[in-house]
Amino acid sequence: MARRDDGPLTRLLNRGTLARWARAARRAPRAELSALHRQRQVAGRLVHHLGEVIAVADSRLALPRIGSAAFARPPGTDWSWRPAIWRSPLPVRGAVGIEGRMPLGDEVALHHDCPLRELTLRQVRNQRETDLAPFGLRLDVFRFDGSYLSLVVELPETAAEGLRKRHLIRLDTLVETERPLEIFARLNVKHGPNVEQIVRELPRGQDQVHVEFDLAYTRLDERRAERMWLDLIFEGPEMNQVTLRDLTFARLPRADI
C-alpha cells in the first residue's frame, strides 16, 4: 500500500516541525554560536529541498496544465496535433552555443550554419491567461553571419495517413519577437521519391497567426504519401529574441466550390 503524505500522522509531524523551526527563529538572536551553526547547516539543506518542491509544484499546478492538447480546431478537422515540446517539459530545458543541429526531443530540431554559434534556446513555462499551450520555446540570437536558421518540426505518421489533394494543412502559432522579423513556413510532403513543398510567410505585426497549405496545387501522389515535416525559417534573425508560445496543426478537407 502506498504511503500517504497527507495523513493525520504526517500533518501532526509537520505541525511539530513548523513549531520547532518557529521557536528556533525566535531564539536565534540569543542562541549560542555553536548551536546556531548547526541549525544553519540543517536549515540550508531544508531550504534547498523546499525550494525544489515549490518550483515543481508551481509548474505543475499552473495553468495551462502540463500535457494539455487543448486548442481550437476548425470545423471538419480530421487530424490535429500539438508537438510534445509545447505540451511537456524537456529533459534538458535549454542550451547555449548551439552547433549546426540541435534536436529537441524526437519531433523538433534547430538547424543553422552560423560559425559563431551565438544562439541560446530554452523551453519556457506559459502562465498567461491567454495561453493554451503549457510550454513555449524561446530563441535568442546575437551575432549571426550564417545563411539560414530554421526550426524543423517532424509531423507524426498519422498526419500522412489518408492524405488527399483536397486537404488543407493549417498551422497556428503564437509568436513574439523583440524586433520585426520575417518568418516563413515551408511544408514538405514526401510521396515516394518526390517531395512537394509549399511556402507561406507568416503575417507580420500579429502575435497569433495562422497559415494554410492547400495540397490541391501540388503533384501529390495520394497513394504514396508517407511523411510530412515543417521548416520554420527565420530571415535576418541577428540581435533578436523569438518566443513561440504555441504551435499546432490541423488537417481538414477544403470546402467544395
Note to self: If R₀ is 51 angstrom, what is the calculated FRET efficiency for the pair residue 239 and residue 190, using the beta carbon separation as r and rounding to 0.05?
What the structure shows: 0.90
Next item on the list: Mind pulling the angle between the C-alpha long axis of helix 33-61 and the longest principal axis of the chain? Nearest 10 degrees, somewhere in 0 to 90.
Entry: 30 degrees
Checklist line | Helix axis angle, 8-27 relative to the chain longest principal axis, alpha carbon, degrees | finding: 60 degrees
Checklist line | For the stretch 171-177, Karplus couplings with θ = phi - 60° (6.51, -1.76, 1.60), whole Hz, Gly/Pro x | finding: 10, 10, 8, 10, 10, 10, 10
Check: Quick one: length gained pulling residue 38 to residue 200 fully straight, 0.36 nm per residue minus the C-alpha distance?
Finding: 51.9 nm
Check: Using unit Cβ charges (K, R positive; D, E negative) and no other charged atoms, how large, in debye to the nearest 20, is the dipole of the chain about its Cα centre?
Finding: 1920 debye
Note to self: Quick check on the stretch 8-61: take the gyration tensor over C-alpha atoms, sort the square-rooted eigenvalues as a ≥ b ≥ c, and tell me if it's rounded (a/c under 1.5), prolate or oblate.
What the structure shows: oblate
Notebook entry, point to check: Taking 0.36 nm per intervening residue step and subtracting the Cα-Cα distance, what contour gain separates residue 78 from residue 145 on full extension?
Noted result: 19.9 nm
Notebook entry, point to check: Quick one: if you stick a label point 7 Å off each Cα along the C-beta vector at residue 14 and residue 48, how many nm between them?
Noted result: 2.3 nm
Margin query: What distance in nm lies between label points placed 7 Å from Cα along the C-beta direction at residue 26 and residue 177?
Written below: 6.0 nm
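Every number in this text was worked out from the coordinates using simple rules, so none of it is lab data. All of these numbers come straight from a predicted model, not from anything done at the bench. All Cβ positions, even for glycine, are placed from backbone atoms using ideal geometry, and neighbour counts span all protein chains on display.
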